[in-house]
Amino acid sequence: MTPAKPLAAIYVRVSTQDQALHGFSLNAQQESLENYAKALGYEIYKIFRDEGKSAKDLKRPEMIKMLADAETKKFSAIFIYKLDRFSRSIKDLILTIDKLKDWGIDFVSLQDRIETTSASGKLMFHIISAFAEFERNVIGDRTKFGMQRKAKEGGFITKSPKGYKLIDKLLVPDGNGETISKIFQEFLDSDISLTQLAKKNNMTPAGMKKLLKNITYLGKIKFGGEISDGTHKPIISSILFNKVQDKIKELGWI
């Protein structure tokens, strides 16, 4: 019995301007790709056609459908006419081809003579993966730098703790500062257990422990192990806060 041929998806895209200036009609692209795919031993799974769509990003109806089918491995290769038919964004192109690699989907660009079905093509996939990893690291570093900068400038990073609220991304006391002070004072002056204190204030023991150690109440911000002065108003005195921290250490909560 002859084994079934692998399936290939064909993606074609043209904008009105492209067709007018260069004659890159959808039908011409499709015919060339169908012939090429069949010559390489593939059966055509489906033709995905985005007509009159820009390649500035990947938010195109047929592109979205094709990538969804690729992720569920409904075919084993994608054939395109030229890289700019797929995307004009180098970042999108690299990251998407890297995803295809993870999904086990081959990628073939007819005019650019790029294919990942051969040894040289697989090498190209590895190179693209390296660029994709680099791009992700750059994005991560940029995000981390932005958060560190925000923290150093006194901006708040995550959600507001009990006793504060966020207004226009600024941390503002919500009027419950006296309640927070009473919690700190009761913990310091009594032998009440963490569980009892938490239950009394409708909190979990873990949440209460986090509250008692939160330097946000001193008007400070902590991010990445570094402490900076915040732009928000403190609601606990440094004397009370430090005494509570000393008691926490004595109890071995570190």
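Here's the yes/no breakdown for (1) at pLDDT 90 or above; (2) touching a helix residue (DSSP H, G or I) at 6+ places or on another chain (Cβ under 9 Å); (3) not aliphatic (A, V, I, L, M):
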| residue | (1), (2), (3) |
| --- | --- |
| E31 | yes, no, yes |
| D69 | yes, no, yes |
| I94 | no, yes, no |
| F107 | no, yes, yes |
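Among the residues of the stretch 180-195, those identified as exposed (fewer than 13 other Cβ atoms within 10 Å of the Cβ), of a type outside the set (K, R) and not in a loop (DSSP other than H, G, I, E, B) are D189, T195. Search the stretch 71-92 for residues being modelled with pLDDT of 85 or more and touching a strand residue (DSSP E or B) at 6+ places or on another chain (Cβ under 9 Å), and hand back the single one that is surrounded by the fewest Cβ atoms within 10 Å (Cβ to Cβ). Across the stretch 71-92, the extreme among qualifying residues is K74. Within the stretch 178-206, residues that are in the same structural domain as K243 (by TED's automatic domain parsing) reach partners that are in a loop (DSSP other than H, G, I, E, B) and loosely packed, with under 14 Cβ neighbours inside 10 Å with beta carbons closer than 6 Å, at six or more positions or on different chains, in the pairs A198/T204.
The values are calculated or read from the model by the stated rules, or taken from the named source; none is laboratory data. Remember, it's a predicted structure, so these values are computed and weren't measured experimentally. Don't worry about glycine lacking a Cβ; one is built from the backbone with ideal geometry, like all the others, and counts go over all protein chains shown.
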